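This report refers to the structure that appears directly beneath it.
The values are calculated or read from the model by the stated rules, or taken from the named source; none is laboratory data. Predicted, not measured: the structure shown is a model, and the values here were computed from it. Side chains are part of the model used for accessible areas, which takes the heavy atoms of the whole protein and leaves out ligands, DNA and RNA. Shrake-Rupley method; radii C 1.70, N 1.55, O 1.52, S 1.80 Å.
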Amino acid sequence: SAHDGLPRRRARQSVVCRSSMLSRAALVAPRLSRGFRAAKPAQDVLAPDTSGPLMAQYHKLNWALLGLTPVAFAVSPSLLAMPVDLALGVAFPLHAHFAMNCVIADYAEKFLGKGAKGPSRVAMLGLTGVTLLGFLRLNLTGEGITGTVKRLWRKST
């Protein structure tokens, strides 16, 4: 009778394993797709301080700005100035957008009242967009960000 029970247990285990494998697959599939559904790009753009991956990009952007800014002044009157200015024209507004959203998260409701966080974030997104377009125009049709900043120290004639 001990030998009779052994095959039955294996048979039961294999059925249990098959059913548990199916149930695991049924549980894993929604988890995998949940990541796609949980991603809210519009919310991340409006509130980058609530997104871990975007805050990681913000910290990398800090290092990029730390390196690009002196390079921009070093290569200013040359052909290399335009790509560096274009990079700065994107990096500075993004940096400001991320940082100001952290400030909005901390202080908007304290100073502007409840419900002020959302409209403040939308206003910040608009300001970021206008700044991006302004820097793009300055870099493509003017003397660029670096040339404009250097002009502040030139003697006017």
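A few remarks follow.
- Computed with a 1.4 Å probe over protein heavy atoms only, the accessible area of residue 143 comes to about 90 Å².
- Between residue 78 and residue 45, the contour length at 0.36 nm per residue exceeds the Cα-Cα span by 8.4 nm.
- Length available on full extension from residue 71 to residue 138: 0.36 nm per residue minus the Cα-Cα distance, which gives 22.3 nm.
- Sulfur and carbon atoms: percent of accessible area, the stretch 55-149 [1.4 Å]: 75
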